Amino acid sequence: MPKTYYKSMRSGFKSQHGDINWKIGEWRHQDGKIKTCNNGFHASENIIDAMYFVDCEILAEVWAKVVISEIQNAVSIAGLLLITEFLSVNDNL
């Protein structure tokens, strides 16, 4: 079973970088070699850590598979990510 993480994103359900439009229930696969801060989907074990890396306009609970690396337990890089639930959405969307 995949592990639960948290992902902070911008309005429009977009990542800080890239053009993926995140939707609940859709697995997303990252092509190429997964590398910290270069290629992969970022998520955090703790909500506060997820909010630190991206201005939190939307907070999502995610499942991650193929987790490649972690930076001081704050961020993990995954090759596969699935949004399971949007926990918070800014009222201004």
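How much length is gained if the chain between residue 84 and residue 27 is pulled fully straight, taking 0.36 nm per residue apart and subtracting their Cα-Cα distance, in nm to one decimal?
19.6 nm
Run the numbers for residue 65 and residue 36: contour at 0.36 nm per residue of separation, minus the present Cα-Cα distance, in nm.
Working: separation 29, 0.36 × 29 = 10.44 nm, distance 1.51 nm.
Contour length minus Cα-Cα distance gives 8.9 nm.
How far, in nm, would the chain grow between residue 3 and residue 17 when pulled straight, counting 0.36 nm per residue and subtracting the alpha carbon separation? Provide the component values of the computation, followed by the final result.
On the way: separation 14, 0.36 × 14 = 5.04 nm, distance 2.28 nm.
Contour length minus Cα-Cα distance gives 2.8 nm.
Can you give the direction-averaged projected area of the convex hull of the alpha-carbon atoms in the stretch 3-89, in nm²? If you can, show how the numbers build up before the last one.
Working: hull surface 19.1 nm².
Convex hull of Cα atoms, orientation-averaged projection: 4.8 nm².
Every number in this text was worked out from the coordinates using simple rules, so none of it is lab data. Remember, predicted model here, so these are calculated numbers, not experimental data.
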